[in-house]
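Working notes, structure below.
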Amino acid sequence: MRRILLGAGLALLSALLPEAWAGAWLAPKDGQQIWGGAAGERASVRTYETSGYVEAPIGDRYAVVTTSWIEQSVALEDGWRGEALAGVKRAVFREGPNIVAMQASALWRSDPPGNCGEGGAELRWLGGRGLGETAFANVELAGRLLDGGCNGARLDLTTGWRPAENWLAMGQLFIDAPDEGDESVKMQLSLTRFDRHERGIQLGVRMRLDGEDLEPALVLGIWSRVRD
């Protein structure tokens, strides 16, 4: 069961997307890092994304978490935009297959809306549950505040299933609702294969569900431990 829940926690990171920064389960003692990229189209313009996630546990209940994300497209004013988060995650409840965690992070955004500044903060609630020996579910709710009063909320839903010891299939839904700017609802389906050292390669597809343009994108992620 421990190995299944470990896989669940790593899966929830969904390294390739800014919508999903974390999972309720803490990373193993050696830490976890995921690096990825995505390629797709938005408004008929080619778009590329790169991202990174690093989680280093501190004891049994705390972990330091850093994330970064960059989008590149000729449709963007400067040709790119990005975000970065650095914070602490704490497991506040653990009982059997259930876990609840809180995460507080400093936030930087290169393209703040309105007259707001680039700096801010994010507070995230994370809840996970193991479903039998081979599946899990996770819910995350985040609130954001940028300098100048720009607010936003995000909801991430994930289900995962391990059909075999070294395979993990996931379905994820990401809802982004900023006070200023476009709201979005996106879905991602992916499959990850692990080797015996728990290094994984993730392949998937992402699309929007809230408009006429699906904005399909192919995603790729590489997972490993920090101390490998």
Note to self: Neighbour counts of other C-beta atoms within 10 Å: give me TRP167, TRP25 arranged from fewest to most.
What the structure shows: TRP167, TRP25
Next item on the list: Report the paramagnetic label zone for ALA43: residues of segment 172-190 whose backbone N is under 16 Å from a point 7 Å from Cα along the Cα-to-Cβ axis.
Entry: 181-184
Checklist line | Cα centre as origin, Lys/Arg/Asp/Glu Cβ charges: segment 137-191 dipole, Debye | finding: 300
Note to self: At 7 Å along Cα-to-Cβ for each site, give me the label-to-label distance between LEU155 and ARG225 in nm.
What the structure shows: 3.7
Checklist line | Translational diffusion of the chain, µm² s⁻¹ [Kirkwood Rh, Cα pairs; Stokes-Einstein; 4 °C; 1.567 mPa s] | finding: 73
Item checked: Fully extended contour minus Cα-Cα distance, from ASP210 to VAL185, at 0.36 nm per residue -> 8.4 nm
Notebook entry, point to check: Helix-derived [θ] at 222 nm for the chain: sum -39500 (n - 2.57) over DSSP H runs of at least 4, divide by residue count, nearest 500?
Noted result: -1500 deg cm²/dmol
Notebook entry, point to check: How far is it, in nm, from the label point at GLN72 to the one at TRP167 when both lie 7 Å from their Cα along the line to the Cβ?
Noted result: 3.4
Notebook entry, point to check: Relative to the first principal axis of the alpha-carbon coordinates of the chain, what is the inclination of helix 2-11, with its axis defined by its Cα atoms, in degrees from 0 to 90 and to the nearest 10?
Noted result: 10
Item checked: Ascending count of other beta-carbon atoms within 10 Å, so fewest first, for PHE93, PHE136 -> PHE93, PHE136
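Please arrange VAL205, VAL45, VAL219 by how many other C-beta atoms lie within 10 Å of their C-beta, fewest to most.
Sorted ascending by nearby Cβ count, the order is VAL45, VAL205, VAL219.
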Checklist line | Per-residue ³J(HN,Hα) for segment 71-80, Karplus 6.51 cos²θ - 1.76 cosθ + 1.60, θ = phi - 60°, Hz, x for Gly and Pro | finding: 10, 10, 6, 5, 7, 7, 4, 9, x, 7
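None of the figures in this text is laboratory data; all of them are computed from the coordinates on show. From a predicted model like this one, the values you see are computed outputs, not experimental measurements. FYI the Cβ positions are ideal-geometry reconstructions off the backbone, even for glycines, and counts take in every protein chain you see.
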